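To start, the structure under review is shown below, and the notes come after it.
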Amino acid sequence: MKPVAKLAGAVLALALHAAPGSAADGALVFADVCAACHGEGGIGTPGLAPPLVDPPLWTKLGDKAPEFVTGVVISGFSGTLMSQGVGYYGLVMPPQSDLSDADLAAAANYVLGTLAGLEAEVTEAEIAARRAAPLSHKELMTMRGGGK
């Protein structure tokens, strides 16, 4: 490959990762932050973090899925739950308070669109609103359907 073509490819790749709110950003944030526990592609890590590729969960959440995701990234999530027949005991996902509203919205949209296959979108304004009024652990667990 010619040096000019390599440079153009590199510039294009950087531009795709730098565009705020793009699907590439969400995938990048997920890979950098979330995949350490939830696994590459959101497949989960048995005993540590449940899969985010979980059609029964997303079906159960329905139109509450964006609210649930924003609640979890802002408030964190802990407790005991079952997902796809695997138990997660003493689960602790910390709040992602170090990430910007843009990064959290991008990651949430990656989870909702790419991993869950939903046509739902979370905006930076919704992330900011959830920071101002976080959901409690009880509200999140109830929304999820308890530990099931």
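All of the numbers you see were taken from the coordinates with simple rules; none came from a lab. What you see is a predicted model, and the numbers here were worked out from it, not measured in a lab. As a convention, Cβ positions derive from the backbone with ideal geometry for all residues, glycine included, and neighbour counts pool all protein chains shown.
Can you give the net charge of the other residues whose Cβ lies under 13 Å from the Cβ of residue 25, counting K and R as +1 and D and E as -1? Counting the neighbours of residue 25, the net charge comes to -4. Other residues with beta-carbon under 15 Å from the beta-carbon of residue 65 carry, at +1 per Lys or Arg and -1 per Asp or Glu, a net charge of -3. First select every other residue whose beta carbon is under 14 angstrom from the beta carbon of residue 113; then total the charges, Lys and Arg +1, Asp and Glu -1. Residues close to residue 113 contribute a combined charge of -3.
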